[in-house]
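What follows is a single structure, written as structure tokens, with notes after it.
Please treat every number below as a calculation from the coordinates, not as lab data. Owing to the predicted nature of the structure, the values given are computational and were not obtained by experimental measurement. We place every Cβ from the backbone using ideal geometry, glycine too, and count neighbours over all the protein chains shown.
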Amino acid sequence: MQSLLLERRYFAWGETFSSIAEQAFLIFWLCTLFSQNQNKGLAKLKYINANKVLPENLIVEIQKYVQGETLYIPKQETEYRKWGTLSGGRRLLDHRNAAIKHSFISGSSIQQLAKKYYLSTETIKKIVYSQKK
């Protein structure tokens, strides 16, 4: 049941993992990514006392709007990173997609690829017909 929940949550675009071994691998992979992120301090929010990092006059100004609450200050847009760049998930998917495109160019059918990679035929079509390199 837990593996089905993970499948729906992380692969909502239609991919299915039919065998128990595939579901176990998926759970292992997701737990590995989570633990890597947690070890880097990425899976939890950091709390910093404003008195330690902000000048007193700025704290007084902020207290006019918010007092005794947790305040989230977002990163500047230039500091944002794309999904999966830190965990390696993006690299894994890019590698998989390149292998799918190569197999398609080499003569594999969309149905064969869908069965081999446990993806829907629509997802395979999106991968093989996309213009991304």
Listed highest first by mean packing, meaning other Cβ atoms within 10 Å per residue, what order do 104-110, 64-70, 51-57 come in? 104-110, 51-57, 64-70
Using label points projected 7 Å from each Cα along Cα→Cβ, tell me how many nm separate Arg81 and Asn49, to one decimal. 2.9
Pairs over 24 Å Cα to Cα, from Lys52/Lys75; Lys82/Lys116; Lys75/Lys101; Lys82/Lys126; Lys46/Lys82, come to Lys82/Lys116; Lys75/Lys101
Considering every pair of different Cα atoms, what Kirkwood radius, in Å, is found for the stretch 88-133? 10.5
For the stretch 83-102 and the stretch 107-129, distance of Cα centres in Å: 16
